[in-house]
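Notes follow the structure.
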Amino acid sequence: MNVIAVLQKVFICTAIVGAAFAQGTKPWSPLQKFVPSAVSDRDKGCKFSILQESNEITFRERFCFYESKLISPGTAAHGIALAAFAQFTNRPYVQDQGPEEFGRRVGLFYIRRIGQNGGELFAGYLNHEELVPHASLQHGFWKRSRYAAMAVLTATDDNGKLRPALAPIAGSLGSGMMSAAFYRHSNGLEGGLSRAGFTYGTYFATALVREFEPDLSNFAAHLHRKKRTGRLVAVVRGSQKN
């Protein structure tokens with residue numbers, strides 16, 4: 001039997017079991033989201049701010065967190081943008097492109113994201129890794145860059161001790177292996193590992209953006225204020241000339 005097929009079946013089965021376990025401790029209906037009092041306890045475990053302050057994160061809270069990320073508008077916009085770029089560049093190459101192929105590319109994005117989230121979910125839970133990363137309080141570009149890289153390679157457990165981070169590795173493998181069966185080309189073990197390696201690299205890029213996001217936001221706000229000030233000065237000078 002194909003190794004990729006075996007890995008995919010095992011991963012899908014464990015994901016289903018995990019979902020049942022996460023949902024099984026407390027019955028929940030989709031209609032509850034329209035009743036604030038009924039859904040408040042469930043939403044409590046999904047909020048970023050609450051999980052950031054929590055010392056012990058249950059499997060259900062982790063599942064709820066990744067579920068919320070998967071169905072968020074930001075994830076949908078990300079998937080559509082990547083699918084549009086892939087459609088424009090025709091990568092991976094297909095002979096006939098159209099709306100159906102575009103929808104397939106969006107579906108591939110979600111398949112990879114499900115595999116990635118599932119890998120992070122199980123590996124992070126079993127390895128007792130911190131779910132929500134924290135930005136450093138250090139100063140200097142190189143120190144902060146090193147901290148961002150180490151945040152991908154190491155993780156802080158519930159007791160505050162460092163250990164090898166397995167969630168990014170499992171998430172990368174989950175993304176690569178889950179997508180292998182749905183690609184028309186490079187859908188073997190080598191292709192799956194290649195995509196897994198690319199996904200693992202995105203963890204470092206994301207960590208850097210997360211670390212320097214406040215600085216980038218402040219810089220963008222500074223440019224915006226400077227641009228508005230320049231426009232006001234030009235308007236004032238123009239009115240004075242007239």
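Diagonalise the Cα gyration tensor of the stretch 106-182 and give the resulting equivalent ellipsoid semi-axes, square root of 5 times each eigenvalue, largest first, whole Å. The partial results should precede the final answer.
Details: eigenvalues 144, 48, 16 Å².
So the three semi-axes of the stretch 106-182 are 27, 15, 9 Å.
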* Could you sort 126-138, 73-85, 196-208 so that the peptide with the highest average Cβ count within 10 Å comes first and the rest follow in order? => 196-208, 126-138, 73-85
* Does anything in the stretch 121-144 have its amide N under 14 Å from the 7 Å Cα→Cβ label point of ASN159, and if so which residues? -> 128-129
* the stretch 105-236: C-alpha gyration tensor shape, a/c 1.5 cut-off, then a/b vs b/c -> oblate
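Values in this text are rule-based calculations from the coordinates and carry no lab data. Values in this document were obtained by computation on a predicted structure and should not be read as measured data. All Cβ positions, even for glycine, are placed from backbone atoms using ideal geometry, and neighbour counts span all protein chains on display.
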